[in-house]
Structures are given as structure tokens and as C-alpha cells.
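A short write-up of the structure that comes next.
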Amino acid sequence: MRKPHLMVKLQDEVRGIVPQGQEIISETNMNNMTYLRAVIKESLRLRPLAPLLAPHLAMADCIIDGYIVPAGTRVVINAWAIGRDPSSWEYAEEFIPERFTDEGSSMHVNFKGNDFQFLPFGAGRRMCPGMNLGIANVELMLANLVCHFDWQLPLGVERKDIDMTEVFGLTVHRKEKLLLIPKSRM
Ligand code: HEM
């Protein structure tokens, strides 16, 4: 909502793929939705659901970047900060889904636990076992919402008024609700 030209690009992609008149988008429609996937990745980069993942415990002594981590140490990974680290991400604070498309510098970066600069589902043996289910649901929900509706801000609210302040805890969520008006295209 804060970058309407990106919303138009996303809607153009989804509406170009889904046959007109089809009410519900299903998994069979999702194959070529590359921009939609990039939008979801970029959202997870800037706003990971679990900003500190889950607490881990070092099973053996190890040295990371010169720091000794003894066995038994509780390790907390700040995935939120890693996703905004300017040494890994150009214009790190900006919402730029294009970085994950074939025009971007992070086109090969994925959330499957091999790219340590992007850990919305964690990595290794304890990474999220529900990743595929979670992503499939987000993709379907977002595709349906942007395909069938145009979204407007309530009267008197401007783009600059959208409050993106987050409340941190085990999971992170918006401080203020996002109120939008859907206008059906059907
Ligand atoms: C977009 C949706 C989701 C996100 C972003 C997400 C993210 C995460 C993260 C960051 C962790 C911690 C990984 C770590 O500490 O290394 C986690 C763990 C976990 N997630 Fe998810 N998750 C999602 C959906 C799901 C779903 C749909 C399920 C189950 C159906 C699920 C089940 C679990 C379980 C059981 C763990 C604990 C794994 C363990 O400790 O061994 N998650 N998730």
C-alpha cells in the first residue's frame, strides 16, 4: 500500500496468469508467479515472523568469526537484523522485491536454510518443518487477495500515514492494525 506501483506490478502478473472469471486461484495457477514469490520473500526479509528464531543450544565447542562458543551455550539468532544487514543487502531498509527476481542481485537467495543472510524459517536440523505448507498458504492467500480486489486506504488516510511500527516478542506483529477497503473486481 505504501508503494502503489509495486502493487500494480503484482496485480498485473497475477491477473495476467489467472483466467478471467475464475473465482478461486489454486496451486495449479501459481507456477509462473515469480513476482508474487519475490514480494513474499522481500516481506519475510524485512518482517520475519519469528525475529529471533527459536532458542538453540550449541552441542559442541565451536569458534565463529574468532568468538569461542562453548558447548551448552544458548544461542539466539537475530534473523531480523541479519535480513537488514547492509553488508548483505543493497538498500537494506527499502522494500524492493526486484532484488529477488532475475533483474536483481539476490535472485538466487532462498529461504531454504542455505543462504545465511536470509533466515525467515531458520536453518539446519531445527529449521521450520512447516515451511512448504506456510509458504503455499501465503502465496495462495496473497494471489487471491490481489487478483480479485483493488485495495484502497480509508478516506482521509494517506500512504505516508501507514504506521509500520512493530511489536517484538517471540513473534513480531504490527503495532497498529492495517485498515484497508477492498473493491471487488468481479
Ligand atoms: C510463513 C509461515 C511460517 C514461518 C515464517 C515459520 C517460521 C519458523 C521459524 C523461524 C522457526 C524456528 C526455526 C529455527 O529456530 O531455526 C520455526 C519453527 C517451527 N515451525 Fe514454523 N513457520 C511457519 C509456518 C509453520 C507451519 C505452517 C507449521 C506447522 C504446520 C510450522 C511448524 C513449526 C515447528 C513445529 C517448529 C519447531 C521446529 C523445531 O524446533 O525443531 N511452522 N518456524
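The values are calculated or read from the model by the stated rules, or taken from the named source; none is laboratory data. Because the structure is predicted, anything quoted here is derived from the model rather than measured. Cβ atoms come from the backbone with ideal geometry, glycine included; neighbour counts cover every protein chain shown. These accessible areas exclude ligands, DNA and RNA; they are computed on the full protein's heavy atoms, side chains included. Shrake-Rupley method; radii C 1.70, N 1.55, O 1.52, S 1.80 Å.
When residues in the range 142-163 are screened for being free of Cβ contacts under 8 Å to residues at least 24 places away in the same chain, β-branched (Val, Ile, Thr) and in contact with a Lys or Arg (Cβ under 9 Å, 6 or more places away or on another chain), 0 of them pass. Whenever a residue of the range 25-38 is within 19 Å of residue 131 (Cα to Cα) and in a loop (DSSP other than H, G, I, E, B), its partners that are open to solvent by 10 Å² or more (accessible area, probe 1.4 Å) and charged (D, E, K, R), lying with C-beta atoms within less than 8 angstrom and at least six residues away or across chains, give the pairs 30/139; 33/13; 33/139. Scanning the range 122-144 for residues that are surrounded by fewer than 15 Cβ atoms within 10 Å (Cβ to Cβ) and touching an Asp or Glu at 6+ places or on another chain (Cβ under 9 Å) returns a single hit, 136.
Let's see how each residue does on (1) modelled with pLDDT under 95; (2) open to solvent by less than 80 Å² (accessible area, probe 1.4 Å):
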{"residue": "114", "(1), (2)": "no, no"}
{"residue": "120", "(1), (2)": "no, yes"}
{"residue": "146", "(1), (2)": "no, yes"}
{"residue": "149", "(1), (2)": "no, yes"}
{"residue": "173", "(1), (2)": "yes, no"}
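The set of residues in the range 47-60 that are touching a residue at least 24 places away in the same chain (Cβ under 8 Å) and surrounded by fewer than 19 Cβ atoms within 10 Å (Cβ to Cβ) comprises 47, 49, 50, 52, 54, 56. Mind checking which residues of the range 151-169 are open to solvent by 50 Å² or more (accessible area, probe 1.4 Å), among the charged types (D, E, K, R) and either near the ligand (Cβ under 7 Å from one of its atoms) or not in a loop (DSSP other than H, G, I, E, B) (or both)? Across the range 151-169, the qualifying residues are 159, 160, 161.
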